[in-house]
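All remarks here apply to the structure that follows.
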Amino acid sequence: MYRLTGILFFLLAVCNVSAQKGAITGRVYHGTTNEPIEYATILIQGTDRGTVSDSTGVFSLQEVNPGFFRLIVSSVGFKSVVSPEIQVQGNQTAFIDIALAEDEIALKEVVVRPNFETRRIESPVSSFFVNVQQIEKSAGVNRDVSKALQTLPGVGAMDPNRNDLIVRGGGPSENVFYLDGIEIPVINHFATQGSSGGAIGVINPDFVREIDFYTGAFPANRTNALSSVMEIRQKEGSKDRIHTKLSVGASDAALTIDGPAGDNATFIVSARQSYLQLLFKALKLPFLPTYNDFQVKYKYDINRKNEITFIGIGAIDHMTLNKELQTTGTESQKYILNYLPIYEQWNYTVGAVYKRFSDNHLDTWVLSRNMLRNKNYKFEDNNESKQKTSDYLSDEAENKLRFERDFRSLPVQLKVGGGLRYSRYVNDTYRRLYRNGSVTDLRYNTELNLFGYQLFAQVSDEYMDNRLKLSFGLNTVGNNFNKNMQNPLNQLSPRLSASYSLSGRWSINANLGRYTAQPAYTTMGFKDGEGKFVNRNENLKYIVSDQLVLGFEHRPHENMRWTMEGFYKHYDKYPLSVVDGLSIASKGTDYGQVGDEEIISTGKGRAYGIEIMYKITEWKNLNLTSTYTWFRSEFTDNNLVYRPSSWDTRHLLNLIVGYRIANNWNIAARWRYVGGAPYSPIDESLSSDREAWDVINQAYIDYSRFNTLRLSDSHQLDVRVDKEFYFNKWLLNLYVDIQNVYNFKSQRPPIYTNRNQNGDIISDPGGDFSKQGLRVLENSSGTILPTIGLIIKM
């Protein structure tokens, strides 16, 4: 296969394909009134190529070489801006509309500095921009949004095969995501209910214009976040004609169509079909996943003062067991098959964003609905003719309405708003449990209806000739689950950000804030065997996190940026498992669901560390990023003793490089180093009990010694080579991406099996028939994983 790919690359490279050029077309407009801005100056960053907008605000740049570019846009009386990154391709037109904000000092001399990443005044620290090039061309990312984010400072990953975002020592349940301003609870296939992780991203990168990612200093209008906020801004459909794009990668094939839908509307729609199960079967993995997803965006400009956008995104997932390995597999494969259930899941989010422009303010109305159905079950011995040992079915549905008003004509910047939410959670659960020395069955049905609300305001201003920037935000949330959660004062969350420019290239930035998050629906809807909502009392509360961030930023060159940030996060009222006596903060990086157990909100936690980043952007076709994070992450048990969380790896190092070569070649590499994660020894006495073992078919954790052991450090090198070919009416992008080039084997927690090499249950050395022996299997992961992909656009 590699030889055929090499021949294909060679033949295409020597073909007489003309070097086709592309174009950039767009509109410059007033960000508040939506009126066109005429005679605005538009420059391609890093070049002397430019143009001006006409009387309708429209501009066009022709004969642009293929590549990734940003535009610097300026006009008298307005603040200059740098656009999101634009990908220009041969024989294609890239479209972008750019909003400008009025400058309070209209006659002041305008100095335009090519700043690649302009921080927002409300979030001067802990905010990052992820552009199209980082998603499309980075090594090891495979055009997956979450994989691209895992290389940012403070962002960890527990497993290279999963998309969990572990941000500054917080769990994967502490992140929230927005798509064009609409909250989307699920961004991954095979999502963990009650968390945010999963296996593969749902977001089609063909839709992504740019991503704002906040690891702290969250804006007041983004609630329910404790560790991160992801803001995904989507592209609009092309305005010239219908375009079709076919993408074939390692695990799926995607078809994207976009174009105009009348004079004042555009659309973009896609569908993806996986064939990952074929790869997994060839690799002899014990589970076989398949998935499908869809995405759509439609934007209609009603008139100059009104516009509306509709979006939809959804996924269908199914993971079966590779039963052939029950007889032909290794001991580790058979062990996994014994406890792993079958997963069936689907989810969707649909919504509309209506914007009303006026002379003094911008109004935004957001109406949306999202739903997740999570189903998993397990048959005894994986035999469907036998009884089920677990059967889980749950639905989460939310209907949301949010209003925001952004005042632009006041002496200060002011944004206010609020929202309402109606949620419905249903659950039908059966599972076997081993409690107090005997096996018991847990069965319950839940139907929970909740009403929630949010209110927020953020005021910002600049002082001392714009050298000092201050922003104060305040929000509160609540719901009718219990009296504590109803009271808005219990969830009052103030935050203050400050940024001071020491010189033209040095700045000091800080944020101090309180953030709150609602417990998972799985927790609020949990019932005991008697059908009682055991968590519907005043012991369950919103999670609270007080955070302090202090950072320095230096820009030695217009293409270079160096930052250093220190952070401290203190958690209070964190959900604590009554059965295990431990915080559920360390759960959520596995399939299924988390939080469906008896909980009390008495846990505490702390995470602190330092992050360093050095970045070179578009310097002589070179992009380079190096990041290092040292951190600690700990949560208390029921005795208020701090224990390391499951993602307390302490060290994260990323070295990332990308380089564009002549004739549309691009090479990229990423080397990642991660400290060893903690893990727990097993409870040998309980695990040796045959009756207890048969309930879950695996060893039990010794929670009294939770995370007292630690794995070895791990590292991995990924490389990627791209080549783009431009023809008269279409283009072709071929790429080869190889993950784990030198085949590093990372250590995993040991596997304990109750069977010998012949597959028989190990007898107890003492002759007790109710007991069994245990045997340790070495456990490691990691293999060279090559990907050959192609993208065709017409």
Legend entry - Sites LEU433 and SER685, calculated FRET efficiency, Cβ-Cβ separation with R0 22 Å, nearest 0.05: 0.80
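Write down the percent of antiparallel bridges among all DSSP beta bridges whose residues are both part of the chain, to the nearest 5.
Working: 312 of 326 bridges.
DSSP beta bridges in the chain are roughly 95 percent antiparallel.
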Inset, instruction - Calculate, for ARG49 and TRP619, the FRET efficiency according to 1/(1 + (r/R0)^6) with r their C-beta to C-beta distance and R0 25 Å; round to the nearest 0.05. - result: 0.90
Inset, instruction - Starting from the Cα-Cα distance between THR708 and LEU410, subtract it from 0.36 nm times their residue separation and give me the gain in nm to one decimal. - result: 101.7 nm
Legend entry - Helix-only [θ]222 nm of the chain, DSSP H runs n ≥ 4, -39500 (n - 2.57) each, per residue, nearest 500: -2000 deg cm²/dmol
Legend entry - Set of aspartates and glutamates with alpha-carbon distance to LYS723 below 14 Å, sequence-local pairs under 8 removed: GLU136, ASP737
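Using a Förster distance of 35 Å, how high is the FRET efficiency between ARG424 and TRP665, based on the Cβ-Cβ distance and rounded to 0.05? If you can, show how the numbers build up before the last one.
Values: r = 52 Å, r/R0 = 1.50.
Once rounded, the FRET efficiency stands at 0.10.
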Legend entry - Cα-based Rg and Dmax for the chain, where Dmax is the largest Cα-Cα distance (Å): 26.9, 92
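Given Cα pairs under 8 Å that are at least 6 residues apart, what percent is the relative contact order of the chain?
Values: 2219 pairs, mean separation 80.9, N = 794.
Result for the chain is 10 percent.
Please compute the length gained on full extension between SER763 and GLU598, using 0.36 nm multiplied by the number of residues separating them and subtracting their Cα-Cα distance. Could you put the intermediate results ahead of the total?
Numbers: separation 165, 0.36 × 165 = 59.40 nm, distance 3.53 nm.
So the extension gain works out to 55.9 nm.
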Inset, instruction - Report the label-to-label distance for ARG632 and ASN743 in nanometres (one decimal), using points 7 Å from each Cα along the Cα→Cβ vector. - result: 4.0
Inset, instruction - Given the peptides 176-185, 656-665, arrange them by the average over their residues of other C-beta atoms within 10 Å, most packed first. - result: 176-185, 656-665
Legend entry - Gained length - LEU255 relative to GLU558, 0.36 nm times residue gap less alpha-carbon distance: 105.3 nm
Inset, instruction - Under a cut-off of 13 Å between alpha-carbon atoms, report the aspartates and glutamates in cross-link reach of LYS771, not counting same-chain residues fewer than 8 places apart. - result: GLU684, ASP689, GLU691, ASP694
Legend entry - Amide N of region 289-327 lying under 19 Å from the label point, which is placed 7 angstrom from the Cα of TRP365 along Cα→Cβ: 298-312
Inset, instruction - Would you mind checking LYS284/LYS323; LYS355/LYS415; LYS245/LYS355 for any pair whose Cα atoms are more than 22 angstrom apart? - result: LYS245/LYS355
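Which peptide among 695-708, 50-63 comes first, and what is the full order, when sorted by highest mean count of other Cβ atoms within 10 Å?
Working: 695-708: 17.9, 50-63: 15.1.
In decreasing order of mean packing, 695-708, 50-63 become 695-708, 50-63.
Going by average Cβ neighbours within 10 Å, how do the peptides 135-145, 569-579 rank, with the highest at the top?
Highest-to-lowest ranking by the protection proxy: 135-145, 569-579.
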Legend entry - Subset of LYS235/LYS729; LYS137/LYS305; LYS281/LYS569; LYS569/LYS615; LYS147/LYS305; LYS375/LYS400 violating a 32 Å alpha-carbon distance limit: LYS137/LYS305; LYS281/LYS569; LYS147/LYS305
Legend entry - Tilt relative to the chain, helix 2-14 - C-alpha long axis, 0 to 90 degrees, to 10: 0
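Values in this text are rule-based calculations from the coordinates and carry no lab data. Remember, it's a predicted structure, so these values are computed and weren't measured experimentally. Using ideal geometry, Cβ is built from the backbone for each residue, glycine included, and neighbour counts are taken over all protein chains shown.
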